[in-house]
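Q: Input: one structure, supplied below.
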Amino acid sequence: MKNSYQNKTDAIIDLQERGYDHDFILKNEYIHCVQESQSICPDDFEVAEAYRFEGKNRMRDNYIIYAIKLLNNDVKGILMTPFSTLTRGLSIHLWSKLANNL
């Protein structure tokens with residue numbers, strides 16, 4: 001994961017301009033697409049890109065931005081999560097899918 005962005009905002013704007021226009025959030029065993037009100041299991045999406053942003057002063061300022069593509073349709077979107085989220089509360093299947101892209 002090579003990060004060519006200066007900050008999270010630049011990454012999000014660029015991804016949106018390239019068609020990643022849906023929002024995803026983590027839900028234990030799934031990612032949830034906000035606009036579609038749909039939960040997606042790890043086998044039904046791929047991580048196209050991932051970018052890690054490290055805060056200067058606090059661990060809680062460390063974030064990862066994932067560019068997500070659903071496999072069964074043309075939906076693309078962004079999952080932004082604190083790095084600490086990947087260490088707790090996720091199923092092993094979802095965790096391994098996301099962690100393999102760091």
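Q: For N62, enumerate residues with amide H under 5 Å from its amide H, sequence gap 5+ or separate chain, H modeled in the peptide plane.
A: G55, F83
Q: Over the chain, with a Gaussian network built from C-alpha contacts below 10 Å, which listed residue (N73, N28, N62) shows the highest mean-square fluctuation?
A: Maximum fluctuation in the GNM of the chain, among the listed residues, is at N73.
Q: For F53, F45, what ranking results if the residue with the fewest other Cβ atoms within 10 Å of its Cβ goes first?
A: F53, F45
Q: Turning to a different aspect of this structure: What does the charge dipole of the chain about its Cα centre add up to, to the nearest 20 debye, if the Cβ of each Lys and Arg holds +1 and the Cβ of each Asp and Glu holds -1?
A: 520
Q: Roughly what % antiparallel, to the nearest 5, for the DSSP beta bridges in the chain?
A: 90
Q: On to the next question. Give, as a single signed number, the net charge of other residues whose beta carbon lies under 15 Å from the beta carbon of N28, with Lys and Arg counted +1 and Asp and Glu -1.
A: +2
Q: Which residue, I40, H93, L15, has the largest displacement toward the positive end of the dipole of the stretch 8-99 when charges sit on each Cβ (Lys, Arg +1; Asp, Glu -1)?
A: H93
Q: Once amide H atoms are placed 1.01 Å from N in the peptide plane, what residues at a sequence separation of 5 or more from A50, or on another chain, have their amide H within under 5 Å of its amide H?
A: The list, which skips near neighbours in sequence, is A67.
Q: Using θ = phi - 60° and the Karplus curve 6.51 cos²θ - 1.76 cosθ + 1.60, what whole-Hz ³J(HN,Hα) does each residue of the stretch 32-42 get, with Gly and Pro shown as x?
A: With coefficients 6.51, -1.76 and 1.60, one gets 10, 8, 5, 5, 8, 6, 9, 8, 10, 7, x Hz.
Q: Next up: Kindly provide the Kirkwood hydrodynamic radius of the chain in Å, to one decimal, from all pairs of distinct alpha carbon atoms.
A: Values: mean 1/r = 0.0728 Å⁻¹.
The answer is 13.7 Å.
Q: Cut-off is 10 Å between beta-carbons; in what order do K97, K8 appear when sorted fewest neighbours first? Please report the intermediate quantities before stating the final value.
A: Numbers: K97 19, K8 15.
By the 10 Å Cβ count, ascending: K8, K97.
Each value in this text was obtained by applying a stated rule to the coordinates, not by laboratory testing. Predicted, not measured: the structure shown is a model, and the values here were computed from it. Glycine also receives a Cβ, built like all others from the backbone with ideal geometry; neighbour counts cover every protein chain displayed.
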